[in-house]
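Some notes on the structure that comes next.
The values are calculated or read from the model by the stated rules, or taken from the named source; none is laboratory data. Model, not experiment: these values are computed from the prediction. We place every Cβ from the backbone using ideal geometry, glycine too, and count neighbours over all the protein chains shown. These accessible areas exclude ligands, DNA and RNA; they are computed on the full protein's heavy atoms, side chains included. Shrake-Rupley method; radii C 1.70, N 1.55, O 1.52, S 1.80 Å.
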Amino acid sequence: MIKTNNNPNTTIRKTLMTARLFDGFWERWIAHGVEKEAVFEVRNSLQDVENWVNGFLDYAFTHYEAAEKASNAQAEYHYRLSGLYYNLIHWIYPQNSSRKQHWYKKSKELFILADQLSSTKCSLETICIDEHRCAGRVRTPKQPKGCIIILNPIDSTKEELFSYEEHFIALGFATVSFDGPGQGETYTLNGLKGTTKRWDVFLNELISFSKKTFHDLPIYLFGTSSAGTWSIYGSANRYIDKAVAVSPAFGNGVSLPEYFMERLNYVIEDNETILPRLKDVSDYKGVLLFHGNKDVMVSDGEVHQLHSTLPNPKKIVEYSQEGHCCNHKLVEVRTQSTQWFLEDVQQ
């Protein structure tokens, strides 16, 4: 259960303070495509929320204008990057509001423009949970080797992780990426908050949807942080061939930044949690774990204990200099993940 203040302006101030003071705050955004010069410029002038909005809005405009002048491939890239900056603007508002909705809609519009130029087929899909629509994207390259379901961390959106889609597609895989309860479009536009029960239902519906869509292909799970835990949990589903968990969260009372805890308070139902209990370990199959030894949220001991109890096939990859989410190694992580999906591991 999360107990924090319910004043969004206070949460925003704490977020901005963390952004000013800690380099690690920006690792996630840089890893997902935000330019270092944008971070440097905005961070140096960051006094209030308007600095955040106006600073990243300049970069959104710049990439939109570049897209309007570019050929198809470059225009697609610039539209997506513009959409990422709009997504970052929407993210600063923890509470669902007209401003948050406005900036999210702008982000979605830019991604639709990019999709229309892409050589990779894209469709926008929905599944329903508790009479609310969970929104998603399905991208299908020619002759895919398999389908990868990308599960996003609770504080992320399907648009933020577009670089994951691009990389997996380049490696020959179809991608399915939905905003679950408490995430992105499903929360901001459709009003569905997260609970463990809703995520359990969502994950099983998402896997069934993916198998129905790609019935002749193997189905894989890829998740990071809280989504990594759900990826392990989902590996028990009969339609899943293998799963990858990057820095899976265990929820064992680890101290998280105050601003982050307060942000979760807005997207998770009162008195609820968002992580599954990994108790029926023998049911999980084909799990590859990635762990950074400098992770302050997940200890080496917790990951090693989990790995020791998982049935074969299984594998663990550790990075001595990486923290939570292994942000500096994501290209390698995704490449190794696709190799894991396709190989027969006997160990």
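Just a few scattered comments:
- Projecting the Cα atoms of T309, H328, G146 onto the dipole axis of the chain, where Lys and Arg carry +1 and Asp and Glu carry -1 at the beta carbon, places G146 farthest toward the positive end.
- Distance between the modelled labels on F40 and Q305, one decimal in nanometres: 4.4 nm (7 Å Cα→Cβ projection).
- FRET efficiency for the K145 to Q116 pair, using the beta carbon distance and R₀ = 30 Å, is estimated at 0.75.
- Packing rank of 79-87, 158-166, where each peptide gets the mean count of other beta carbons within 10 Å, highest leading: 79-87, 158-166
- Of the DSSP H helices in the chain, those with a Cα length along their own long axis of 24 Å or more and a mean Kyte-Doolittle hydropathy reaching -1.0 comprise 49-69, 72-91, 196-213.
- Rounded, prolate or oblate (a/c below 1.5 giving rounded, otherwise prolate when a/b exceeds b/c) for the stretch 135-233 by Cα gyration tensor: prolate
- Of the labelled figures (i) 0.97; (ii) 0.94; (iii) 1.09, only one reflects Rg/Rh (Cα atoms, Kirkwood Rh) as derived from the coordinates, namely (ii).
- When the stretch 140-285 is described by a simple charge dipole with +1 on each Lys and Arg Cβ and -1 on each Asp and Glu Cβ, the residue from T188, Y239, S177 located farthest towards its positive end is Y239.
- Dipole size of the stretch 108-231 about its Cα centre, with +1 on Lys/Arg Cβ and -1 on Asp/Glu Cβ: approximately 320 debye, rounded to the nearest 20.
- Estimated FRET transfer efficiency (D216, T10; beta-carbon r; R0 45 Å; 0.05): 0.30
- Three-way shape call for the stretch 267-347 based on the alpha-carbon gyration tensor, with the a/c threshold at 1.5: oblate
- Dipole magnitude of the stretch 287-347 about its Cα centre (Cβ charges: Lys, Arg +1; Asp, Glu -1), debye to nearest 20: 80
- Ignoring aspartates and glutamates fewer than eight residues from K285 along the same chain, the ones with Cα atoms less than 15 angstrom from its Cα are D241, E343, D344.
- Taking all protein chains together and rolling a 1.4 Å probe, I154 ends up with roughly 10 Å² accessible.
- The calculated 222 nm mean residue ellipticity attributable to helices in the chain amounts to -15000 deg cm²/dmol, summing -39500 (n - 2.57) over DSSP H runs of n ≥ 4 and dividing by all residues.
- For the chain, share of DSSP beta bridges that run antiparallel, in % to the nearest 5: 35
- Centroid-to-centroid separation of the stretch 318-347 and the stretch 145-215 [C-alpha atoms, Å]: 19
- Global form of the stretch 1-136, assessed from the alpha-carbon gyration tensor, a/c cut-off 1.5: oblate
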